[in-house]
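Below is one structure, written out as structure tokens; the observations come after it.
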Amino acid sequence: MALSSIRFGIIGFGNMGKGHAAYLAAGEVPGASLAAVADVIPASLQAARTQYGERLKYYETPEALLASGEIDAVLVATPHYDHVPLTKAALARGIHALVEKPAGVYTKEVRELNATAAAAKATYGIMFNQRARGAHQKVRELVASGELGEIRRTEYVITNWLRSQAYYNSGGWRGTWAGEGGGVLMNQCPHNLDLFQWFCGMPSRVRAFCKFGHLHNIEVEDSVTAYLEYPNGATGVFITTTGEAPGVNRLEIAGDRGRLVLENDAITFYRTRQSVSELIKTTPSSFPNLESWTISIPTGPAGEEHKGITKNFVSAILHGTPLLAKGEEGIHGLELANAMLLSTWIDHWVNLPLDDDRYHAELQKRIATSSYKKPAV
Ligand SMILES: NC(=O)c1ccc[n+]([C@@H]2O[C@H](COP(=O)([O-])OP(=O)(O)OC[C@H]3O[C@@H](n4cnc5c(N)ncnc54)[C@H](O)[C@@H]3O)[C@@H](O)[C@H]2O)c1
């Protein structure tokens, strides 16, 4: 029977779960309501009960919530390792699932999740809220429409993710292989890695240099420099850290018809008058000067971020609207993150598609041999 309204359950009432609960409970998503919360930590569940009282149902386990019959959709906002099992469990029951980023910790499990999703009669979305930003949609449109010409070079420097030791100490799961499955690549950069591939496509191989516990007392990476090669021969660089200030968030894409820079939510397009490759082949000049125009591209509305993704997800269920962030697409950015870590561990190139089993085995080794002790909180 077609649904006329979606009753949401939120799994994990932490930082993010509270944020999702607030706009859902306020009725800010047309066609949706907040019906229930599940959290395995009694204090977190009590926090939800104190805030929302009798309006909602409360469950001490996600399994009890999924079996309750009280919800049509879940928003999974737990630490990373639970994303795949909980999303799978929901989809297998025909419950629509919107999972926080990252889709999972390693590609092997996410490929299995995608197979479950393909067989499920439920909608599967992922909280890539930065896809909802006007500036990001415009960059994608400029590249996809061919305005920029064939991509030659990409560069994403994203270092405005400053995090303190207090942040890493604040959750037992943060900053560890066993708890979080990675550092800046797994927690902060899923957004940027997703956008990078959403704009420019996937590279064919990666060589990366991650530094582990470089600027914080953690065992995972907090600083990354990666070099990428794309199937057409284009090259790219991806740089990130959680230990720099003032940070930068700057994307540059050079194509055959010019260069695009996205910084501070503003897009500047340096558009060449003719194709660069054509000029190189045809001009008699040894030191050609290619005329270009500097264009400030309107980015449109800022976008509604998390609420925007949830609205789109609800509209997909109720009205068949195409998903802005399909759950299955979560694997791409994760594959980049896994490839960057694997390249560092083996001190070599990593070809894509990634060898899922090899990455999984290397991650397990780090979990098994960890001697890191979390500072007392
Ligand atoms: N999209 C974004 O902009 C964004 C921003 C921050 C965090 N996140 C993501 O949100 C997720 C949660 O991050 P957070 O900062 O809210 O973490 P958090 O530690 O503040 O909250 C996690 C909550 O989940 C609960 N929990 C843990 N395991 C559970 C389980 N199996 N079942 C039910 N509840 C469980 C914990 O008790 C806690 O209340 C992570 O995946 C993180 O990457 C996304």
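Since Leu341 meets every condition but one in (1) outside any loop (DSSP other than H, G, I, E, B); (2) farther than 29 Å from Ser223 by Cα; (3) not acidic (Asp, Glu), which condition does it not meet?
(2)
Given the criteria out of contact with any Leu (no Cβ under 9 Å at 6 or more places or on another chain), basic (Lys, Arg) and within 24 Å of Thr123 (Cβ to Cβ), does Lys57 qualify? Break it down stepwise before answering.
Details: out of contact with any Leu (no Cβ under 9 Å at 6 or more places or on another chain): no; basic (Lys, Arg): yes; within 24 Å of Thr123 (Cβ to Cβ): yes.
Spelling it out, it is not the case that Lys57 is out of contact with any Leu (no Cβ under 9 Å at 6 or more places or on another chain), basic (Lys, Arg) and within 24 Å of Thr123 (Cβ to Cβ).
Those residues that are in contact with a strand residue (DSSP E or B) (Cβ under 9 Å, 6 or more places away or on another chain) and hydroxyl-bearing (Ser, Thr, Tyr), I need them from region 124-165; list them, please.
Matches in region 124-165: Tyr124, Thr154, Tyr156, Thr159.
Is it the case that Leu193 is crowded, with 24+ Cβ neighbours inside 10 Å, under 14 Å from the mean Cα position of the chain (by Cα), within 16 Å of the ligand (Cβ to nearest atom) and part of a helix (DSSP H, G or I)?
Numbers: crowded, with 24+ Cβ neighbours inside 10 Å: yes; under 14 Å from the mean Cα position of the chain (by Cα): yes; within 16 Å of the ligand (Cβ to nearest atom): yes; part of a helix (DSSP H, G or I): yes.
Against the criterion (crowded, with 24+ Cβ neighbours inside 10 Å, under 14 Å from the mean Cα position of the chain (by Cα), within 16 Å of the ligand (Cβ to nearest atom) and part of a helix (DSSP H, G or I)), Leu193 qualifies.
Filter region 123-134 down to the residues that are more than 19 Å from Cys189 (Cβ to Cβ) and surrounded by 19 or more Cβ atoms within 10 Å (Cβ to Cβ), then identify the one that is nearest to the ligand (Cβ to nearest atom).
Gly125
Taking the options Thr61, Thr50, name whichever one is surrounded by fewer than 17 Cβ atoms within 10 Å (Cβ to Cβ) and more than 11 Å from the ligand (Cβ to nearest atom).
Checking each option against the conditions leaves just Thr50.
Take region 134-150 and flag every residue that is part of a helix (DSSP H, G or I) and touching a Phe, Trp or Tyr at 6+ places or on another chain (Cβ under 9 Å).
Taking region 134-150 as the starting set, the residues that turn out to be part of a helix (DSSP H, G or I) are 134-144.
His136, Val139, Arg140, Leu142, Val143, Ala144 - these are the residues of region 134-150 that are part of a helix (DSSP H, G or I) and touching a Phe, Trp or Tyr at 6+ places or on another chain (Cβ under 9 Å).
Inside region 113-133, can you point out the residues that are of a type outside the set (A, V, I, L, M, F, W, C) and in a loop (DSSP other than H, G, I, E, B)?
Correct list: Lys121, Thr123, Arg133.
Count, please, the residues in region 64-110 that happen to be charged (D, E, K, R), touching a Leu at 6+ places or on another chain (Cβ under 9 Å), within 11 Å of the ligand (Cβ to nearest atom) and not in a loop (DSSP other than H, G, I, E, B).
Looking only at that region, the number is 0.
Being of a type in the set (A, V, I, L, M, F, W, C) and within 16 Å of the ligand (Cβ to nearest atom) is the filter here; which residues of region 136-183 pass it?
Within region 136-183, the subset of a type in the set (A, V, I, L, M, F, W, C) is 139, 142-144, 148, 151, 157-158, 161-162, 166, 173, 177-178.
Ile158, Trp161, Leu162, Ala166, Trp173, Trp177, Ala178 - these are the residues of region 136-183 that are of a type in the set (A, V, I, L, M, F, W, C) and within 16 Å of the ligand (Cβ to nearest atom).
So which residues in region 3-20 are within 11 Å of the ligand (Cβ to nearest atom) and either aromatic (Phe, Trp, Tyr) or under 20 Å from the mean Cα position of the chain (by Cα) (or both)?
Answer for region 3-20, where residues must be within 11 Å of the ligand (Cβ to nearest atom) and either aromatic (Phe, Trp, Tyr) or under 20 Å from the mean Cα position of the chain (by Cα) (or both): Ile10, Ile11, Gly12, Phe13, Gly14, Asn15, Met16, Gly17, Lys18, Gly19, His20.
Of Val40, Val29, which residue is over 21 Å from the mean Cα position of the chain (by Cα), assigned to a loop (DSSP other than H, G, I, E, B), hydrophobic (A, V, I, L, M, F, W, C) and within 13 Å of the ligand (Cβ to nearest atom)?
Being over 21 Å from the mean Cα position of the chain (by Cα), assigned to a loop (DSSP other than H, G, I, E, B), hydrophobic (A, V, I, L, M, F, W, C) and within 13 Å of the ligand (Cβ to nearest atom) holds for just one of Val40, Val29, which is Val40.
Given (1) under 20 Å from the mean Cα position of the chain (by Cα); (2) more than 27 Å from Pro298 (Cα to Cα); (3) part of a loop (DSSP other than H, G, I, E, B); (4) of a type in the set (Gly, Ala, Ser), identify the lone condition not met by Ser223.
With respect to (1) under 20 Å from the mean Cα position of the chain (by Cα); (2) more than 27 Å from Pro298 (Cα to Cα); (3) part of a loop (DSSP other than H, G, I, E, B); (4) of a type in the set (Gly, Ala, Ser), Ser223 is out only on (3).
Would you confirm, using the coordinates I've provided, whether Ala35 is loosely packed, with under 13 Cβ neighbours inside 10 Å and either touching a residue at least 24 places away in the same chain (Cβ under 8 Å) or in a helix (DSSP H, G or I) (or both)? Spell out how you get there, then give the answer.
On the way: loosely packed, with under 13 Cβ neighbours inside 10 Å: no; either touching a residue at least 24 places away in the same chain (Cβ under 8 Å) or in a helix (DSSP H, G or I) (or both): yes.
Considered against the rule, which asks whether it is loosely packed, with under 13 Cβ neighbours inside 10 Å and either touching a residue at least 24 places away in the same chain (Cβ under 8 Å) or in a helix (DSSP H, G or I) (or both), Ala35 comes out as no.
Only the coordinates and a few stated rules stand behind these numbers; no lab work does. Owing to the predicted nature of the structure, the values given are computational and were not obtained by experimental measurement. Cβ atoms come from the backbone with ideal geometry, glycine included; neighbour counts cover every protein chain shown.
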